[in-house]
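Here's the structure, in structure tokens; my notes come after.
Only the coordinates and a few stated rules stand behind these numbers; no lab work does. Please read all numbers here as calculations on a predicted model, not as lab measurements. Don't worry about glycine lacking a Cβ; one is built from the backbone with ideal geometry, like all the others, and counts go over all protein chains shown.
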Amino acid sequence: MARHLTRRSFLKAASIAAASVPLSKIAAQAQPGVVRAPLAAPGTFKNTQTVVGGLCEMCFWRCQMVGKIRDGRLIKLEGNPKSIDNESALCARGNAGVKMLYDPDRLKYPMRNVGSRGAPKWQRISWEEALDTCAEKLKAVIDRDGVQSVCMFPHGSSSRYPNQFFQRTVGTPNISESSFYQCRGVRDLAYMVTTEIPPNEDVDMANAKVIFLLGCHFGENIHLSHVKQYVRGLENGAKLVVVDPRYSASAAKSHIWVPIRPGTDTALLLAIMNYLIQNDKYDIDFVERYGEGFEDMAEGIKEWTLEKAAEECDIPAAQIKEVADLLAAHMPHVAIHPGRFSTWYGNDFQRGRALACLTGILGAFGAKGSFVSAQNPRGITNIRWPMGDEQVDSLQRILDVHHFTPPGTPTELIRDAALTGDPFPIKACVIWGQNLIQTLPNQARTIKMLEQMDFVMCVDIMPTDITMFADILLPDCSYLECYNQIKTGTQWDLAEKHQQFITARMPVAPPGFERRDNVWITNEIAKRLGYGDKIPAQTQEELNDKMLAGAGLSLAQLRAEGGIHIQPGVDDPYGLDDDFIVHFFSDDLDWDGYPPIPTYIPVPRAPEGYYRLLAGRSPLHTFNRTQNNSWLMAENDTNPVWVNDKLAARLGLKDGDEVSLVNQDGIESRTTTTVKVTPGIREDAVYMYHGFGSMSPDLSIGYNKGVDSQSLITKLAVDPETGTHALRNNFVKLVKIS
Ligand SMILES: Nc1nc2c(c(=O)[nH]1)N[C@H]1C(S)=C(S)[C@@H](COP(=O)(O)OP(=O)(O)OC[C@H]3O[C@@H](n4cnc5c(=O)[nH]c(N)nc54)[C@H](O)[C@@H]3O)O[C@H]1N2
Ligand SMILES: Nc1nc2c(c(=O)[nH]1)N[C@H]1C(S)=C(S)[C@@H](COP(=O)(O)OP(=O)(O)OC[C@H]3O[C@@H](n4cnc5c(=O)[nH]c(N)nc54)[C@H](O)[C@@H]3O)O[C@H]1N2
Ligand code: SF4
Ligand SMILES: [Mo]
């Protein structure tokens with residue numbers, strides 16, 4: 001956490017973890033990966049019961065859905081017709097949730113590993129034995145080395161309750177969540193330091209005159225209601241600028257595609273700002289009213305001429321000018337998207353700052369079609385595990401290295417401490433919904449970290465790669481089989497229909513086999529560790545009902561309302577508080593010795609004969625979690641590597657050739673893939689979908705399909721301000737398989 005943030009921003013920071021997402025309601029449109037439920041033939045759903053209250057978690061956007069049940073079996077998922085968010089649509093992944101539910105490879109019973117970590121042999125055990133073992137092993141480590149010797153890697157709805165238990169009640173600060181440290185945490189902190197408000201992607205794309213996407217590829221990256229809002233903006237005539245080294249699905253719809261040299265985005269942003277400032281094409285009134293340190297920034301970025309950036313970014317100066325003029329012509333109704341996945345090069349905080357400052361000089365905060373702050377429904381009670389007696393020093397506090405960290409502890413600090421025992425040993429590891437093998441760069445270090453643990457427990461739904469390293473493996477209920485997670489949201493882009501909603505996840509099918517939900521599992525471990533008297537709720541239902549009570553609701557009431565409670569919106573989404581501020585120059589950063597104005601920090605270029613490895617989303621998968629889904633794999637079961645056509649000719653590669661990839665440290669991919677020859681990627685980079693190439697043989701469909709991009713990321717870089725991981729600064733060459 002930033003040390004000098006005001007109390008107001010500190011409170012906001014604390015709420016990032018729980019913050020919800022912006023929502024909109026627009027007509028559904030066919031587009032890649034966005035699938036409307038097909039019309040059923042007459043009579044199809046005779047004898048079919050509809051269960052309301054589903055909340056999708058095939059990804060983390062949590063669209064609202066209903067389940068169709070026949071003869072006790074879930075046969076179909078559809079968007080909840082009451083939804084003002086995703087409406088009746090689900091994406092391809094959401095539809096395929098049915099296949100996840102009944103996947104025969106799913107975890108069914110608690111298991112003990114009687115083989116070794118990484119080469120497991122599973123023995124089915126009782127819940128009693130599994131829970132006793134977890135508690136006994138955790139307690140042994142805590143008694144010997146203190147609570148800080150326990151670390152946790154959580155992600156997703158199911159991990160929130162146990163995360164709070166380990167963090168607040170047990171008291172270990174060494175918790176690293178992938179959605180912060182390998183995803184959006186750096187963006188959140190960059191915007192918070194600049195505007196004191198976490199961004200939450202509240203970008204009013206539907207009403208924008210220009211949509212500006214920097215390394216964000218809607219149509220492949222699918223968060224349904226967000227993509228719909230983007231499509232609606234395009235339908236309304238918004239001009240689209242896409243900055244991407246690759247001709248992405250968004251680039252294909254753009255008016256201006258800027259095929260930037262990877263890693264140089266901050267230089268581009270500084271040059272756009274400098275040009276706008278030098279030519280008085282910025283929102284002078286807005287900057288005077290809300291800006292702080294504008295003159296310092298203007299002076300500090302003067303060197304960034306269009307020509308200088310053109311050379312650094314390897315794009316024409318005229319194109320940078322064209323983009324800048326387009327933004328200026330339509331300010332403040334320009335949607336500068338903050339991006340989501342932002343842990344790219346280890347210089348990412350500065351890029352986030354530059355994006356936020358560009359938004360500021362265009363006056364594009366609070367205006368229609370710009371960056372707005374959606375007000376979500378109030379009143380949900382925060383039921384939490386109580387703070388325990390013991391509060392220990394975190395790695396972050398002891399080592400004092402990154403002063404603007406997202407919630408939790410930087411992953412690399414945990415791995416370092418575990419591998420060196422300095423400043424303290426880390427000997428027990430709780431993994432809950434995070435696939436460390438596929439998620440964290442440098443797999444060898446992750447595996448060494450796990451190998452040195454006295455105890456590793458893992459709670460998951462599928463036998464993914466990470467589960468191979470557990471001593472005890474516990475079968476969680478999936479999102480279709482349990483209560484959990486309140487979701488609130490608002491839609492504001494149709495002003496006359498400004499509405500808010502509150503919903504809670506309810507099961508659409510009973511839990512199969514011996515699966516148990518996260519509240520039950522956490523409570524049983526808590527009792528065994530001596531925290532039985534601190535349990536905040538005995539069941540998921542009780543937890544949800546207590547949280548909903550503050551808003552005058554209950555699960556029964558929600559169910560009676562079709563799964564979703566809808567109420568009028570109370571706040572005008574446009575406009576800004578009087579104390580809104582844009583820190584073009586940040587005193588907080590200055591005090592701590594970081595660049596106080598947005599600053600370009602170059603990253604190393606590819607060594608001779610190597611190409612930068614870029615990866616991103618498949619519209620048909622969510623990372624690795626969907627890699628055993630029979631419907632999704634039938635459509636997309638590998639990740640061809642995109643190679644520029646001119647480069648391919650030089651390398652003697654043809655479309656469809658089989659290759660393996662070898663990185664700059666000599667690490668070769670375990671599996672092979674094919675080459676996709678295309679002009680739609682720069683010559684200095686190659687691209688593939690992330691999440692393929694599972695090494696777990698227990699995934700009978702996903703095993704060894706495609707290449708694991710993470711296995712090729714061995715060179716580490718960590719963002720100095722935030723401690724987040726960079727995932728795009730490794731290089732590969734392609735080896736043709738004859
Ligand atoms: N190289 C590289 N690394 C990346 C990225 C990248 O683009 N490239 N992307 C980054 C980003 S943006 C993110 S958000 C992270 C995502 O990282 P993760 O969250 O680790 O990825 P997932 O594959 O979604 O799922 C993790 C695990 O959760 C399990 N799981 C699914 N549902 C449940 C459930 O209900 N309960 C429990 N207990 N477990 C469940 C899955 O089976 C899987 O083992 O990865 C980051 N890492
Ligand atoms: N279908 C699907 N949708 C998803 C997810 C999923 O797994 N599947 N995951 C969700 C999650 S958790 C997240 S965080 C988001 C992530 O979605 P995004 O934030 O869109 O991130 P990526 O998918 O990594 O997209 C990366 C794009 O950045 C480009 N790029 C690479 N290097 C550079 C560079 O140096 N500069 C610029 N300007 N561009 C560059 C790549 O070519 C690619 O087109 O997607 C969400 N939506
Ligand atoms: S975007 Fe797709 S996968 Fe994500 S929650 Fe919505 S329906 Fe599910
Ligand atoms: Mo993410």
Using θ = phi - 60° and the Karplus form 6.51 cos²θ - 1.76 cosθ + 1.60, what ³J(HN,Hα) does each residue of the range 675-692 get, whole Hz, x for Gly and Pro? 9, 10, 7, 7, x, x, 8, 5, 7, 9, 9, 10, 9, 8, 6, 8, x, 8
How would the range 696-738 be classified by its alpha-carbon gyration tensor: rounded, prolate or oblate, with rounded meaning a/c under 1.5 and the a/b versus b/c comparison settling the rest? oblate
Would you grab the residues whose amide H sits under 5 Å from the one on residue 175? Only those 5+ places off in sequence or on another chain, please, with H modelled 1.01 Å from N. 152, 409
Per-bin percent of Cα-Cα distances, the chain [20 Å]: 17, 53, 29, 1
Packing rank of 215-222, 119-126, 509-516, where each peptide gets the mean count of other beta carbons within 10 Å, highest leading: 215-222, 509-516, 119-126
For residue 128, the net charge from surrounding residues (Cβ-Cβ under 11 Å; K, R +1; D, E -1) works out to -2
Lysine pairs with alpha-carbon atoms under 17 Å apart, the range 611-716, spacing 8 or more or separate chains: 4
Between residue 546 and residue 392, what length in nm is gained on full extension when 0.36 nm per residue of separation is reduced by their alpha carbon distance? 52.4 nm
Any chance you could list the semi-axes, whole Å, largest first, of the equivalent ellipsoid that the Cα gyration tensor gives for the range 611-716, using √(5λ)? 23, 16, 12
Find how many whole Å separate the alpha carbon centroid of the range 523-579 from the alpha carbon centroid of the range 114-190. 24 Å
Dividing the helical contributions, -39500 (n - 2.57) per DSSP H run of n ≥ 4, by the residues of the chain yields a 222 nm value, nearest 500 deg cm²/dmol, of -7500 deg cm²/dmol
Fully extended, how many nm does the chain gain between residue 634 and residue 557 (0.36 nm per residue separation, minus their Cα-Cα distance)? 23.7 nm
If you count the DSSP beta bridges with both ends in the range 611-716, what percent of them are antiparallel, to the nearest 5? 30 percent
When the dipole is taken about the Cα centre of the range 358-512, and only Lys, Arg (+1) and Asp, Glu (-1) are charged at their Cβ, what size is it in debye, to the nearest 20? 680 debye
Peptides ranked, highest mean first, by Cβ atoms within 10 Å: ranges 170-179, 223-232, 668-677: 223-232, 170-179, 668-677
Between the range 435-497 and the range 196-265, the Cα center-to-center distance that results, in Å: 28 Å
Could you size up the charge dipole of the chain around its Cα centre, putting +1 on the beta carbon of Lys and Arg and -1 on that of Asp and Glu, and report it in debye to the nearest 20? 2320 debye
Residues whose placed amide H lies under 5 Å from that of residue 75, excluding near-sequence neighbours: 68, 69, 70
Starting from the Cα of residue 533, step 7 Å along the direction of its Cβ; do the same at residue 255; then give the gap between the two resulting points in nm. 6.7 nm
Potential extension, residue 654-residue 381 segment - 0.36 nm per residue separation minus Cα distance: 92.4 nm
